[in-house]
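A short worksheet on the structure shown next.
The values are calculated or read from the model by the stated rules, or taken from the named source; none is laboratory data. No experiment lies behind these values; they were computed from the predicted model shown. Virtual Cβ from ideal backbone geometry, glycine too; neighbours counted across all protein chains shown. With ligands, DNA and RNA removed, areas are computed over all heavy atoms of the protein, side chains included. Shrake-Rupley method; radii C 1.70, N 1.55, O 1.52, S 1.80 Å.
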Amino acid sequence: MTTRHGINWDKALQLHAQERERFIAARPQSRQLSGQAGQHLLFGVPLHWMDDWSTPFTLYVKQAQGASFEDVDGNQYVDFCLGDTGAMFGHGPAPVARAVAEQAARGITTMLPSADAVWVASELARRFGLPYWQFAMTATDANRFALRWARAATGRQQLLVFNGCYHGTIDDVFVDLVDGQPVQRASLLGQVYDLTQYTRVVEFNDLAALEAVLQDGQVACLLAEPAMTNIGMVLPEPGFWEAAQALCRRYGTLLIMDETHTISTGMGGYSRAHGLAPDMMVLGKPMGGGVPCAVYGFSAEMAERAQQAKREAVPGHSGIGTTLTANMLAMAAMRANLAEVMTEQAYAHMFALAGQLAEGLRAVIARHQLPWCVTQVGARTEFQFTATPPRNGSEADAILDSDMEHIIHLYLLNRGLLITPFHNMLLVCPQTTMADVERLVEAFDSFVQQVI
Ligand SMILES: Cc1ncc(COP(=O)(O)O)c(C=O)c1O
(Lines give C-alpha, C1' and ligand atoms only; values in the text may rest on other atoms or scores of the structure.)
Protein backbone atom coordinates (compact mmCIF):
# COMPACT_ATOMS: atom_id res chain seq x y z
CA MET A 1 0.00 0.00 0.00
CA THR A 2 1.32 3.48 -0.89
CA THR A 3 0.65 6.19 1.68
CA ARG A 4 0.68 9.84 0.68
CA HIS A 5 -0.07 12.68 3.12
CA GLY A 6 -1.57 10.12 5.48
CA ILE A 7 -4.01 8.62 2.99
CA ASN A 8 -4.06 5.36 1.06
CA TRP A 9 -2.89 6.46 -2.37
CA ASP A 10 -4.08 3.30 -4.16
CA LYS A 11 -7.60 3.89 -2.87
CA ALA A 12 -7.35 7.56 -3.85
CA LEU A 13 -6.40 6.70 -7.44
CA GLN A 14 -9.21 4.18 -7.68
CA LEU A 15 -11.69 6.71 -6.36
CA HIS A 16 -10.38 9.29 -8.80
CA ALA A 17 -11.05 7.01 -11.79
CA GLN A 18 -14.66 6.58 -10.61
CA GLU A 19 -15.06 10.32 -10.07
CA ARG A 20 -13.84 11.07 -13.59
CA GLU A 21 -16.52 8.73 -14.99
CA ARG A 22 -19.15 10.32 -12.80
CA PHE A 23 -18.18 13.82 -13.94
CA ILE A 24 -18.27 12.84 -17.62
CA ALA A 25 -21.64 11.08 -17.38
CA ALA A 26 -23.41 14.08 -15.84
CA ARG A 27 -22.09 16.77 -18.20
CA PRO A 28 -22.85 16.06 -21.88
CA GLN A 29 -23.31 19.75 -22.77
CA SER A 30 -20.00 20.79 -21.22
CA ARG A 31 -18.35 17.92 -23.04
CA GLN A 32 -19.81 18.98 -26.35
CA LEU A 33 -18.79 22.63 -25.87
CA SER A 34 -15.29 21.53 -24.87
CA GLY A 35 -15.03 19.56 -28.09
CA GLN A 36 -16.18 22.54 -30.18
CA ALA A 37 -13.92 24.94 -28.27
CA GLY A 38 -10.86 23.09 -29.47
CA GLN A 39 -11.52 24.33 -33.01
CA HIS A 40 -10.91 28.02 -32.35
CA LEU A 41 -9.70 28.47 -28.79
CA LEU A 42 -6.06 27.80 -28.07
CA PHE A 43 -5.93 24.77 -25.75
CA GLY A 44 -9.73 24.70 -26.11
CA VAL A 45 -10.19 27.45 -23.49
CA PRO A 46 -10.31 31.27 -23.53
CA LEU A 47 -7.35 31.47 -21.14
CA HIS A 48 -4.81 28.66 -21.20
CA TRP A 49 -4.87 27.91 -17.46
CA MET A 50 -8.61 27.26 -17.55
CA ASP A 51 -7.36 23.90 -18.78
CA ASP A 52 -5.67 23.24 -15.42
CA TRP A 53 -8.81 22.46 -13.39
CA SER A 54 -9.31 18.98 -12.00
CA THR A 55 -12.08 18.19 -14.49
CA PRO A 56 -11.73 15.73 -17.42
CA PHE A 57 -12.94 18.54 -19.72
CA THR A 58 -13.89 22.18 -19.17
CA LEU A 59 -16.94 22.85 -17.03
CA TYR A 60 -19.16 25.47 -18.71
CA VAL A 61 -21.21 27.85 -16.56
CA LYS A 62 -24.77 28.85 -17.43
CA GLN A 63 -25.35 31.32 -14.63
CA ALA A 64 -24.00 32.35 -11.25
CA GLN A 65 -25.84 34.12 -8.45
CA GLY A 66 -24.82 34.79 -4.86
CA ALA A 67 -22.97 31.75 -3.48
CA SER A 68 -24.00 29.35 -6.21
CA PHE A 69 -23.87 28.66 -9.92
CA GLU A 70 -25.42 26.33 -12.46
CA ASP A 71 -23.53 24.61 -15.27
CA VAL A 72 -24.82 24.25 -18.82
CA ASP A 73 -26.11 20.75 -18.00
CA GLY A 74 -28.28 22.08 -15.19
CA ASN A 75 -26.06 20.82 -12.33
CA GLN A 76 -26.09 23.13 -9.31
CA TYR A 77 -23.01 24.06 -7.25
CA VAL A 78 -22.20 25.92 -4.06
CA ASP A 79 -19.22 28.05 -4.96
CA PHE A 80 -16.37 28.23 -2.42
CA CYS A 81 -13.96 29.37 -5.15
CA LEU A 82 -15.88 32.55 -5.94
CA GLY A 83 -13.77 33.38 -8.95
CA ASP A 84 -10.64 33.08 -6.77
CA THR A 85 -11.75 36.25 -4.91
CA GLY A 86 -13.22 38.15 -7.89
CA ALA A 87 -16.69 37.21 -6.64
CA MET A 88 -15.82 37.22 -2.95
CA PHE A 89 -18.93 39.24 -2.16
CA GLY A 90 -21.20 36.96 -4.16
CA HIS A 91 -21.89 36.49 -7.85
CA GLY A 92 -23.72 39.35 -9.56
CA PRO A 93 -24.48 41.44 -6.45
CA ALA A 94 -27.79 43.22 -7.12
CA PRO A 95 -26.57 46.78 -6.35
CA VAL A 96 -23.63 46.33 -8.72
CA ALA A 97 -25.78 44.74 -11.45
CA ARG A 98 -28.18 47.69 -11.17
CA ALA A 99 -25.43 50.32 -11.20
CA VAL A 100 -23.70 48.68 -14.17
CA ALA A 101 -26.94 48.52 -16.19
CA GLU A 102 -27.76 52.16 -15.43
CA GLN A 103 -24.24 53.37 -16.16
CA ALA A 104 -23.95 51.33 -19.37
CA ALA A 105 -27.01 53.13 -20.71
CA ARG A 106 -25.35 56.47 -19.89
CA GLY A 107 -21.96 55.67 -21.40
CA ILE A 108 -19.15 53.29 -20.54
CA THR A 109 -15.85 54.97 -21.23
CA THR A 110 -14.78 58.51 -22.14
CA MET A 111 -11.20 58.95 -20.89
CA LEU A 112 -12.75 61.56 -18.58
CA PRO A 113 -13.84 60.82 -15.01
CA SER A 114 -17.40 60.62 -13.76
CA ALA A 115 -18.36 62.05 -10.36
CA ASP A 116 -18.19 58.49 -8.99
CA ALA A 117 -14.36 58.71 -9.07
CA VAL A 118 -14.40 61.38 -6.36
CA TRP A 119 -16.78 59.38 -4.14
CA VAL A 120 -14.82 56.14 -4.61
CA ALA A 121 -11.44 57.71 -3.80
CA SER A 122 -12.79 59.32 -0.64
CA GLU A 123 -14.38 56.02 0.45
CA LEU A 124 -11.11 54.16 -0.20
CA ALA A 125 -9.24 56.74 1.91
CA ARG A 126 -11.76 56.28 4.73
CA ARG A 127 -11.52 52.49 4.68
CA PHE A 128 -7.85 51.90 4.09
CA GLY A 129 -6.32 54.96 5.77
CA LEU A 130 -4.28 56.05 2.74
CA PRO A 131 -5.25 59.53 1.50
CA TYR A 132 -4.53 59.31 -2.26
CA TRP A 133 -5.64 56.76 -4.89
CA GLN A 134 -5.21 55.77 -8.51
CA PHE A 135 -6.91 53.09 -10.58
CA ALA A 136 -6.11 50.17 -12.86
CA MET A 137 -8.06 47.42 -14.62
CA THR A 138 -6.48 44.47 -12.81
CA ALA A 139 -4.44 43.87 -9.67
CA THR A 140 -1.57 42.84 -11.95
CA ASP A 141 -1.60 46.28 -13.52
CA ALA A 142 -2.02 48.01 -10.16
CA ASN A 143 1.10 46.21 -8.91
CA ARG A 144 3.00 47.09 -12.05
CA PHE A 145 2.07 50.76 -11.70
CA ALA A 146 2.77 50.86 -7.96
CA LEU A 147 6.23 49.44 -8.63
CA ARG A 148 6.89 52.13 -11.24
CA TRP A 149 5.86 54.89 -8.87
CA ALA A 150 8.05 53.39 -6.16
CA ARG A 151 11.09 53.26 -8.43
CA ALA A 152 10.41 56.74 -9.78
CA ALA A 153 9.88 58.24 -6.32
CA THR A 154 12.94 56.67 -4.71
CA GLY A 155 15.30 56.75 -7.70
CA ARG A 156 16.21 53.17 -6.73
CA GLN A 157 16.03 50.21 -9.10
CA GLN A 158 15.74 47.09 -6.96
CA LEU A 159 12.47 45.33 -6.08
CA LEU A 160 12.23 42.96 -3.13
CA VAL A 161 9.68 40.12 -2.91
CA PHE A 162 9.11 37.06 -0.74
CA ASN A 163 9.94 33.64 -2.06
CA GLY A 164 6.88 31.90 -3.52
CA CYS A 165 4.88 35.10 -3.93
CA TYR A 166 2.29 35.77 -6.61
CA HIS A 167 1.20 39.29 -7.50
CA GLY A 168 -0.37 38.61 -10.89
CA THR A 169 1.57 38.45 -14.13
CA ILE A 170 3.81 41.42 -13.43
CA ASP A 171 7.09 40.01 -14.71
CA ASP A 172 9.40 41.49 -12.09
CA VAL A 173 8.17 39.26 -9.25
CA PHE A 174 8.91 35.88 -10.82
CA VAL A 175 12.18 35.30 -9.04
CA ASP A 176 12.50 32.33 -6.65
CA LEU A 177 15.05 31.38 -4.04
CA VAL A 178 16.73 28.14 -5.06
CA ASP A 179 19.42 26.91 -2.67
CA GLY A 180 19.61 30.45 -1.31
CA GLN A 181 20.13 32.01 -4.74
CA PRO A 182 17.66 34.13 -6.75
CA VAL A 183 16.57 32.26 -9.87
CA GLN A 184 14.13 33.33 -12.57
CA ARG A 185 11.02 31.12 -12.53
CA ALA A 186 11.58 28.52 -15.24
CA SER A 187 7.91 28.27 -16.23
CA LEU A 188 7.72 31.87 -17.54
CA LEU A 189 6.95 31.94 -21.25
CA GLY A 190 8.68 34.34 -23.58
CA GLN A 191 10.49 36.29 -20.88
CA VAL A 192 13.88 37.32 -22.22
CA TYR A 193 15.13 39.81 -19.61
CA ASP A 194 17.25 38.76 -16.67
CA LEU A 195 14.78 39.44 -13.88
CA THR A 196 17.33 38.67 -11.17
CA GLN A 197 19.18 41.84 -12.15
CA TYR A 198 16.54 44.06 -10.54
CA THR A 199 14.62 41.72 -8.24
CA ARG A 200 15.80 40.41 -4.88
CA VAL A 201 14.05 37.67 -2.97
CA VAL A 202 14.05 36.49 0.65
CA GLU A 203 11.95 34.04 2.66
CA PHE A 204 8.83 35.28 4.44
CA ASN A 205 9.22 35.55 8.23
CA ASP A 206 13.03 35.88 7.93
CA LEU A 207 13.96 39.24 9.46
CA ALA A 208 17.71 38.65 9.34
CA ALA A 209 17.58 37.98 5.59
CA LEU A 210 15.33 40.98 5.12
CA GLU A 211 17.77 43.29 6.86
CA ALA A 212 20.73 41.85 4.96
CA VAL A 213 19.08 42.52 1.62
CA LEU A 214 17.93 46.05 2.48
CA GLN A 215 21.20 47.22 3.99
CA ASP A 216 22.87 48.58 0.86
CA GLY A 217 20.04 51.10 0.39
CA GLN A 218 19.28 50.05 -3.19
CA VAL A 219 15.83 48.53 -2.71
CA ALA A 220 13.04 50.82 -3.90
CA CYS A 221 10.24 48.77 -2.40
CA LEU A 222 9.17 45.58 -0.77
CA LEU A 223 6.06 44.27 -2.57
CA ALA A 224 4.30 41.76 -0.35
CA GLU A 225 1.05 40.18 0.70
CA PRO A 226 0.68 40.63 4.47
CA ALA A 227 -0.09 36.89 4.68
CA MET A 228 1.00 34.77 1.76
CA THR A 229 -2.05 33.27 0.06
CA ASN A 230 -0.89 32.00 -3.29
CA ILE A 231 1.37 29.12 -2.40
CA GLY A 232 -1.08 27.83 0.12
CA MET A 233 -1.41 30.08 3.13
CA VAL A 234 1.57 31.29 5.17
CA LEU A 235 0.85 33.54 8.14
CA PRO A 236 3.27 36.14 9.49
CA GLU A 237 4.80 35.20 12.82
CA PRO A 238 3.89 37.47 15.74
CA GLY A 239 5.81 40.75 15.47
CA PHE A 240 7.11 39.99 11.97
CA TRP A 241 5.38 42.85 10.21
CA GLU A 242 6.09 45.45 12.89
CA ALA A 243 9.80 44.60 12.64
CA ALA A 244 9.78 44.31 8.83
CA GLN A 245 8.06 47.66 8.51
CA ALA A 246 10.65 49.25 10.83
CA LEU A 247 13.48 47.77 8.74
CA CYS A 248 11.96 49.15 5.53
CA ARG A 249 11.77 52.61 7.12
CA ARG A 250 15.34 52.41 8.44
CA TYR A 251 16.74 51.66 4.98
CA GLY A 252 14.44 53.97 3.01
CA THR A 253 12.57 51.12 1.29
CA LEU A 254 8.90 51.66 0.54
CA LEU A 255 6.42 49.03 1.69
CA ILE A 256 3.71 48.12 -0.84
CA MET A 257 1.05 45.85 0.59
CA ASP A 258 -0.83 43.82 -1.98
CA GLU A 259 -4.15 43.24 -0.22
CA THR A 260 -5.90 41.74 -3.24
CA HIS A 261 -6.54 38.48 -1.37
CA THR A 262 -6.16 39.61 2.25
CA ILE A 263 -9.09 41.98 1.81
CA SER A 264 -10.73 38.86 3.26
CA THR A 265 -9.45 40.12 6.67
CA GLY A 266 -11.89 42.99 6.94
CA MET A 267 -13.09 46.35 5.63
CA GLY A 268 -9.62 47.93 5.73
CA GLY A 269 -7.68 44.81 4.79
CA TYR A 270 -5.05 43.06 6.87
CA SER A 271 -2.98 46.25 7.27
CA ARG A 272 -5.77 48.20 8.95
CA ALA A 273 -6.78 45.26 11.12
CA HIS A 274 -3.20 44.85 12.37
CA GLY A 275 -2.17 48.50 12.67
CA LEU A 276 0.33 48.44 9.80
CA ALA A 277 1.09 51.60 7.83
CA PRO A 278 2.29 50.72 4.32
CA ASP A 279 3.45 53.47 1.94
CA MET A 280 1.26 52.05 -0.80
CA MET A 281 -1.50 49.48 -1.03
CA VAL A 282 -2.89 47.47 -3.95
CA LEU A 283 -6.36 45.93 -4.20
CA GLY A 284 -8.04 44.30 -7.19
CA LYS A 285 -10.40 41.42 -7.96
CA PRO A 286 -13.56 41.99 -5.82
CA MET A 287 -13.40 45.81 -5.75
CA GLY A 288 -16.00 46.23 -8.50
CA GLY A 289 -18.07 43.19 -7.54
CA GLY A 290 -16.40 41.24 -10.35
CA VAL A 291 -16.30 44.05 -12.91
CA PRO A 292 -12.63 44.42 -13.95
CA CYS A 293 -10.98 47.17 -11.89
CA ALA A 294 -8.27 47.63 -9.30
CA VAL A 295 -7.06 50.43 -7.06
CA TYR A 296 -3.82 51.48 -5.46
CA GLY A 297 -3.29 53.96 -2.65
CA PHE A 298 -0.51 56.31 -1.53
CA SER A 299 0.42 57.68 1.89
CA ALA A 300 0.58 61.49 1.98
CA GLU A 301 4.38 61.42 1.85
CA MET A 302 4.49 58.87 -0.96
CA ALA A 303 1.89 60.87 -2.91
CA GLU A 304 4.07 63.95 -2.64
CA ARG A 305 7.15 62.05 -3.80
CA ALA A 306 5.26 60.48 -6.72
CA GLN A 307 3.91 63.82 -7.86
CA GLN A 308 7.34 65.35 -7.57
CA ALA A 309 8.80 62.54 -9.72
CA LYS A 310 6.18 63.15 -12.41
CA ARG A 311 6.72 66.92 -12.35
CA GLU A 312 10.47 66.44 -12.77
CA ALA A 313 10.19 63.80 -15.50
CA VAL A 314 10.54 64.46 -19.20
CA PRO A 315 7.03 65.02 -20.63
CA GLY A 316 5.57 62.01 -22.50
CA HIS A 317 4.60 58.41 -21.82
CA SER A 318 4.95 57.50 -18.16
CA GLY A 319 4.42 53.78 -18.66
CA ILE A 320 1.58 53.99 -16.14
CA GLY A 321 -2.08 53.56 -17.09
CA THR A 322 -4.21 52.03 -19.85
CA THR A 323 -6.96 53.54 -22.03
CA LEU A 324 -9.91 51.92 -20.27
CA THR A 325 -8.57 52.48 -16.74
CA ALA A 326 -10.99 54.35 -14.44
CA ASN A 327 -13.77 54.07 -17.02
CA MET A 328 -17.23 55.17 -15.92
CA LEU A 329 -18.61 51.62 -15.79
CA ALA A 330 -15.88 50.41 -13.44
CA MET A 331 -16.35 53.47 -11.23
CA ALA A 332 -20.10 52.95 -11.00
CA ALA A 333 -19.52 49.29 -10.11
CA MET A 334 -17.00 50.19 -7.40
CA ARG A 335 -19.25 52.84 -5.92
CA ALA A 336 -22.20 50.47 -5.66
CA ASN A 337 -20.00 47.67 -4.37
CA LEU A 338 -18.30 49.74 -1.68
CA ALA A 339 -21.51 51.46 -0.61
CA GLU A 340 -23.88 48.49 -0.53
CA VAL A 341 -22.06 45.16 -0.84
CA MET A 342 -18.67 45.21 0.95
CA THR A 343 -20.30 46.20 4.21
CA GLU A 344 -19.50 45.49 7.89
CA GLN A 345 -22.62 43.33 7.97
CA ALA A 346 -21.40 41.26 5.01
CA TYR A 347 -18.02 40.76 6.65
CA ALA A 348 -19.58 39.73 9.97
CA HIS A 349 -21.57 36.99 8.22
CA MET A 350 -18.52 35.80 6.28
CA PHE A 351 -16.27 35.68 9.36
CA ALA A 352 -18.79 33.63 11.30
CA LEU A 353 -19.20 31.09 8.50
CA ALA A 354 -15.49 30.88 7.67
CA GLY A 355 -14.87 30.19 11.37
CA GLN A 356 -17.40 27.35 11.25
CA LEU A 357 -15.84 26.03 8.08
CA ALA A 358 -12.32 26.06 9.50
CA GLU A 359 -13.51 24.37 12.70
CA GLY A 360 -15.43 21.75 10.74
CA LEU A 361 -12.42 20.89 8.58
CA ARG A 362 -10.15 20.75 11.64
CA ALA A 363 -12.55 18.38 13.37
CA VAL A 364 -12.51 15.99 10.38
CA ILE A 365 -8.71 16.13 10.20
CA ALA A 366 -8.41 15.46 13.94
CA ARG A 367 -10.96 12.63 13.89
CA HIS A 368 -9.03 10.81 11.17
CA GLN A 369 -5.63 11.79 12.58
CA LEU A 370 -4.46 13.22 9.28
CA PRO A 371 -1.18 15.18 9.21
CA TRP A 372 -2.96 18.19 7.71
CA CYS A 373 -3.68 21.71 9.01
CA VAL A 374 -6.22 24.49 8.42
CA THR A 375 -5.44 28.21 8.30
CA GLN A 376 -7.94 31.05 8.20
CA VAL A 377 -7.56 34.72 7.27
CA GLY A 378 -11.00 36.26 7.77
CA ALA A 379 -13.30 34.91 5.04
CA ARG A 380 -10.49 32.81 3.50
CA THR A 381 -9.75 29.28 4.67
CA GLU A 382 -7.14 26.83 3.46
CA PHE A 383 -6.34 23.21 4.27
CA GLN A 384 -2.78 22.06 3.71
CA PHE A 385 -1.09 18.67 3.65
CA THR A 386 1.15 19.24 6.65
CA ALA A 387 0.62 18.93 10.39
CA THR A 388 2.59 22.13 11.09
CA PRO A 389 1.63 25.27 9.17
CA PRO A 390 4.43 26.39 6.81
CA ARG A 391 6.48 29.42 7.86
CA ASN A 392 7.68 30.48 4.42
CA GLY A 393 7.33 29.93 0.69
CA SER A 394 9.80 27.06 0.51
CA GLU A 395 7.99 25.10 3.21
CA ALA A 396 4.61 25.84 1.62
CA ASP A 397 5.85 24.84 -1.82
CA ALA A 398 7.24 21.54 -0.54
CA ILE A 399 3.78 20.36 0.52
CA LEU A 400 1.86 21.33 -2.61
CA ASP A 401 0.60 18.24 -4.40
CA SER A 402 -1.48 18.99 -7.47
CA ASP A 403 -2.37 15.31 -8.11
CA MET A 404 -3.80 15.02 -4.64
CA GLU A 405 -5.57 18.38 -4.95
CA HIS A 406 -7.19 17.29 -8.22
CA ILE A 407 -8.58 14.14 -6.64
CA ILE A 408 -10.17 16.02 -3.75
CA HIS A 409 -11.40 18.89 -5.90
CA LEU A 410 -13.09 16.57 -8.40
CA TYR A 411 -14.69 14.56 -5.61
CA LEU A 412 -16.15 17.77 -4.15
CA LEU A 413 -17.19 19.07 -7.56
CA ASN A 414 -19.18 15.90 -8.25
CA ARG A 415 -21.07 16.63 -5.05
CA GLY A 416 -21.88 20.18 -6.14
CA LEU A 417 -19.06 21.94 -4.28
CA LEU A 418 -16.43 24.06 -6.02
CA ILE A 419 -13.16 25.12 -4.39
CA THR A 420 -10.20 26.95 -5.99
CA PRO A 421 -8.35 24.94 -8.64
CA PHE A 422 -4.86 25.65 -7.26
CA HIS A 423 -4.00 24.52 -3.70
CA ASN A 424 -6.97 24.14 -1.32
CA MET A 425 -8.51 27.55 -0.74
CA LEU A 426 -12.13 28.14 0.20
CA LEU A 427 -13.96 31.45 0.38
CA VAL A 428 -17.35 32.23 1.79
CA CYS A 429 -19.49 35.15 0.62
CA PRO A 430 -22.44 37.06 2.13
CA GLN A 431 -24.91 34.56 0.62
CA THR A 432 -23.12 31.40 1.79
CA THR A 433 -25.27 29.61 4.37
CA MET A 434 -24.48 27.39 7.35
CA ALA A 435 -26.09 24.52 5.41
CA ASP A 436 -23.57 25.12 2.57
CA VAL A 437 -20.70 24.96 5.05
CA GLU A 438 -22.07 21.76 6.60
CA ARG A 439 -22.38 20.19 3.15
CA LEU A 440 -18.76 21.00 2.38
CA VAL A 441 -17.51 19.59 5.67
CA GLU A 442 -19.60 16.42 5.25
CA ALA A 443 -18.28 15.86 1.71
CA PHE A 444 -14.72 16.45 2.91
CA ASP A 445 -15.30 13.91 5.68
CA SER A 446 -16.77 11.33 3.31
CA PHE A 447 -13.81 11.78 0.95
CA VAL A 448 -11.35 11.17 3.78
CA GLN A 449 -13.30 8.11 4.96
CA GLN A 450 -12.99 6.56 1.52
CA VAL A 451 -9.25 7.01 1.19
CA ILE A 452 -7.84 6.16 4.61
C1 LIG B 1 -2.10 38.83 -4.17
C2 LIG B 1 -2.44 38.97 -5.62
N3 LIG B 1 -2.12 40.10 -6.25
C4 LIG B 1 -2.42 40.29 -7.54
C5 LIG B 1 -3.05 39.30 -8.26
C6 LIG B 1 -3.37 39.54 -9.71
O7 LIG B 1 -4.72 39.70 -9.90
P8 LIG B 1 -5.26 39.76 -11.40
O9 LIG B 1 -5.03 38.39 -11.98
O10 LIG B 1 -6.70 40.08 -11.25
O11 LIG B 1 -4.49 40.80 -12.12
C12 LIG B 1 -3.39 38.11 -7.66
C13 LIG B 1 -4.05 37.03 -8.41
O14 LIG B 1 -4.26 35.94 -7.95
C15 LIG B 1 -3.09 37.94 -6.29
O16 LIG B 1 -3.39 36.81 -5.65
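Here are the numbers for the structure shown:
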quantity: Test item: Cα-centred dipole of the chain, Lys/Arg +1 and Asp/Glu -1 on Cβ, debye; calculated: 820
quantity: Charge tally in the Cβ shell below 14 Å around GLY378, where Lys, Arg are +1 and Asp, Glu are -1, GLY378 excluded; calculated: -2
quantity: Farthest positive-ward along the range 94-341 dipole, Cα basis, beta-carbon charges - from VAL314, GLN103, PHE128; calculated: GLN103
quantity: Aspartates and glutamates with Cα under 20 Å of LYS11, excluding same-chain neighbours fewer than 8 positions away; calculated: GLU19, GLU21, ASP401, ASP403, GLU405, GLU442, ASP445
quantity: For the range 296-313, 3J(HN,Hα) per residue [Karplus equation, 6.51 cos²θ - 1.76 cosθ + 1.60, θ = phi - 60°, Hz, x = Gly/Pro]; calculated: 9, x, 10, 5, 4, 5, 5, 4, 4, 5, 5, 5, 4, 4, 5, 4, 7, 6
quantity: The range 1-78, relative contact order [Cα under 8 Å, separation at least 6], %; calculated: 22
quantity: 0 to 90° range, to nearest 10: angle between helix 434-451 axis and the chain longest Cα axis; calculated: 60
quantity: At R0 = 22 Å, FRET efficiency that the Cβ-Cβ distance of GLN18 and ASP397 yields, to 0.05; calculated: 0.15
quantity: Percentage relative contact order, the range 114-248, counting C-alpha pairs under 8 Å, at least six apart; calculated: 24
quantity: Options MET233, MET331, GLY288, ranked by Cα towards positive dipole end of the range 211-355, top entry (Cβ charges); calculated: MET331
quantity: Global geometry of the range 391-452, whether rounded, prolate or oblate, following the gyration tensor of its Cα atoms and the 1.5 cut on a/c; calculated: oblate
quantity: Degrees between helix 28-40 axis and first principal axis of the chain (Cα, 0 to 90, nearest 10); calculated: 50
quantity: Which of GLU359, GLU382, GLU312 is most accessible, then next, and so on - probe 1.4 Å; calculated: GLU312, GLU359, GLU382
quantity: Distribution of pairwise C-alpha distances over the chain, 20 Å bins, in %; calculated: 24, 57, 19, 0
quantity: Set of lysines near LYS310 by C-alpha distance (under 30 Å), chain-local residues within fewer than 8 positions excluded; calculated: LYS285
quantity: Residue among TYR193, ALA117, PRO28 farthest towards the positive dipole end of the chain, charges placed on Cβ; calculated: ALA117
quantity: Net charge contributed by nearby residues that have their C-beta within less than 14 Å of ASP73 (K/R +1, D/E -1); calculated: +2
quantity: Global form of the range 125-239, assessed from the alpha-carbon gyration tensor, a/c cut-off 1.5; calculated: rounded
quantity: Spin-label pair GLN157/GLN39, simplified geometry with 7 Å Cα→Cβ offset, distance in nm; calculated: 5.2
quantity: Sites GLU344 and ALA435, calculated FRET efficiency, Cβ-Cβ separation with R0 25 Å, nearest 0.05; calculated: 0.60
quantity: Area projected by the alpha carbon convex hull of the range 331-452, averaged over all directions, nm²; calculated: 8.7
quantity: Degrees separating the helix 9-25 axis from the principal Cα axis of the chain, which is the longest one; calculated: 90
quantity: Cα gyration tensor, the range 225-324 - rounded (a/c under 1.5), prolate or oblate; calculated: oblate
quantity: Which of SER114, SER318 is most accessible, then next, and so on - probe 1.4 Å; calculated: SER318, SER114
quantity: Per-q log10 I(q)/I(0), the range 94-341, q = 0.09, 0.17 Å⁻¹ (Debye; single scatterer per alpha-carbon; no solvent); calculated: -0.39, -1.32
quantity: Cβ-derived FRET efficiency at R0 25 Å, GLN63 paired with ALA104, nearest 0.05; calculated: 0.85
quantity: Dipole magnitude of the range 274-393, debye to nearest 20 (Cβ charges: Lys/Arg +1, Asp/Glu -1, about Cα centre); calculated: 260
quantity: MET50 versus TRP119: modelled label distance in nm, points set 7 Å from Cα along the beta carbon direction; calculated: 3.3
quantity: The range 94-341 - share of DSSP beta bridges that are antiparallel (%, nearest 5); calculated: 50
quantity: Dipole magnitude of the range 94-341, debye to nearest 20 (Cβ charges: Lys/Arg +1, Asp/Glu -1, about Cα centre); calculated: 760
quantity: Overall Cα dimensions of the range 143-209 - principal axes, largest extent first, Å; calculated: 34, 33, 19
quantity: Centre separation in Å (Cα based) which lies between the range 6-55 and the range 130-144; calculated: 35
